[in-house]
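The values are calculated or read from the model by the stated rules, or taken from the named source; none is laboratory data. Source: prediction; values computed, not measured. FYI the Cβ positions are ideal-geometry reconstructions off the backbone, even for glycines, and counts take in every protein chain you see.
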Amino acid sequence: MTSIAFIGAGRLGATLATALSRRGLPVCAIASRTPDSARRAAAGLPGCAAVGAAQAAQAQLVFLTVPDDEIGPLAARLSWRAGQRVVHCSGATEVAVLEPAARSGALIGGFHPLQIFSDPTRAIELLAGSTVAIEGPPALEAELRGLADLLQMRSLVLPAGARALYHGGASFAASFLLSMLQEAAAIWGSFGIDEGVALQAMLPLARGTLDAAAAKGLAGALAGPVSRGDVGVVARHLSALERLSPQHAAFYRELTRRQLLLARASGRLQEQRLTALEELLTVGATPTGT
Ligand SMILES: NC(=O)c1ccc[n+]([C@@H]2O[C@H](COP(=O)([O-])OP(=O)(O)OC[C@H]3O[C@@H](n4cnc5c(N)ncnc54)[C@H](OP(=O)(O)O)[C@@H]3O)[C@@H](O)[C@H]2O)c1
């Protein structure tokens, strides 16, 4: 069976090493900048040793799970051989950064789990059902798909050169959700609700919205005043937000404009209502719903 090593015993490296080892794969070596990090990650994994990076780089399949800026320099510093597979787990960094390994005859690729790795116990639970973006030549792509299957993850094959758009786009489904909640909490804060109370109230709403999207797709899940063509309600929102601050109003305007795309796609609204909403959202138009 292919020997597997990790270089970089951080949040992702330690989690993935544990998950693969639990599925019976021979994770034989873990290296890290700090030997203690490697020892902690290797402890409890059968047949796995904490080693130096040069030794870990001798495994048949080597994951470079270091911070993105470190991947290229590390790949350039270590020695590789033909037939090895060298893979990074970054979403945003191109696989070409591993070129020094390819020049020695190794196959190079990407294996980016589209999930958050902060608390290791929770991260392992989240792997099953999550997607992993895979990139590499056919033989390596097949091998990485096999790992994804073993972890019960869905595979998404990325074309070369698409990673910045892939990762930038995914931000909207990840950390930008936090910015949405921050905006909501800031607006509620203006009438005295603190962030903890706002989150308690809004997280079930956010989860309900995501569940609806999973069940009905984006356009089908759309609810709220735009979905009903309630121009008066949108006008009242806008005029209150304008009084609060032009920045809040501008953000609301832009998002509501994007919602019109979903409202149109849902086919539920008459053209007349859509036009009235569009006019209301035009910068310079005065909301009348005060
Ligand atoms: N965390 C996530 O949610 C997530 C999700 C998807 C993809 N990723 C990707 O996974 C990769 C790792 O991210 P992470 O969040 O796991 O980072 P992290 O928690 O900061 O861990 C990085 C690890 O690499 C070690 N390290 C740093 N420089 C090194 C070097 N030159 N040589 C050897 N080891 C080195 C660190 O040092 P010590 O040994 O001193 O501890 C640390 O253990 C990144 O490419 C990231 O884009 C992360």
*Collect the residues in the stretch 218-257 that are surrounded by 15 or more Cβ atoms within 10 Å (Cβ to Cβ), outside any helix (DSSP H, G or I) and not aliphatic (A, V, I, L, M), keeping them in residue-number order.*
G229, D230
*Which condition number in (1) at pLDDT 95 or above; (2) more than 24 Å from G168 (Cβ to Cβ) is the one that G44 fails?*
(1)
*Return the total of residues in the stretch 1-48 being small (G, A, S), within 9 Å of the ligand (Cβ to nearest atom) and under 20 Å from L140 (Cα atoms).*
1
*Kindly indicate whether T34 is surrounded by fewer than 20 Cβ atoms within 10 Å (Cβ to Cβ) and in contact with an Asp or Glu (Cβ under 8 Å, 6 or more places away or on another chain).*
no
*Starting from the stretch 241-264, take each residue that is closer than 16 Å to P225 by Cβ and list its partners that are assigned to a helix (DSSP H, G or I) and charged (D, E, K, R), counting only C-beta distances under 6 angstrom and pairs at least six apart or across chains.*
A249/E242
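Can you pull out every residue in the stretch 72-94 that is within 16 Å of E143 (Cα to Cα) and more than 10 Å from the ligand (Cβ to nearest atom)?
G83, Q84, R85, V86, V87
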*For A215, which of the numbered conditions (1) free of Cβ contacts under 8 Å to residues at least 60 places away in the same chain; (2) surrounded by 13 or more Cβ atoms within 10 Å (Cβ to Cβ) fails to hold?*
(2)
*Please enumerate the residues belonging to the stretch 165-195 that are in contact (Cβ under 8 Å) with a residue 12 or more places away in the chain and within 12 Å of the chain's Cα centre (by Cα).*
Y166, H167, G168, A170, A174, L177
*asked:* Taking the condition of being under 23 Å from A17 (Cβ atoms) and either outside any helix (DSSP H, G or I) or not assigned by TED's automatic domain parsing to the domain that holds H88 (or both), how many residues in the stretch 139-157 meet it?
replied: 6
*In the stretch 111-118, is there at least one residue being among the hydrophobic types (A, V, I, L, M, F, W, C) and either touching a strand residue (DSSP E or B) at 6+ places or on another chain (Cβ under 9 Å) or closer than 17 Å to C28 by Cβ (or both)?*
yes
*asked:* For the stretch 55-69, give me the residue count where each residue is within 11 Å of the ligand (Cβ to nearest atom) and either buried (at least 17 other Cβ atoms within 10 Å of the Cβ) or among the hydroxyl-bearing types (S, T, Y) (or both).
replied: 6
_For the stretch 105-135: of the residues being crowded, with 16+ Cβ neighbours inside 10 Å and away from the ligand (no atom under 16 Å from the Cβ), which is nearest to V157 (Cα to Cα)?_
L107
*Filter the stretch 161-181 for residues that are surrounded by 13 or more Cβ atoms within 10 Å (Cβ to Cβ) and either of a type outside the set (A, V, I, L, M, F, W, C) or in contact with a Cys (Cβ under 9 Å, 6 or more places away or on another chain) (or both) and give the result.*
R163, Y166, H167, S171
*Considering V87, V95, which residue is buried (at least 21 other Cβ atoms within 10 Å of the Cβ), farther than 18 Å from T15 by Cα and at pLDDT 95 or above?*
V95
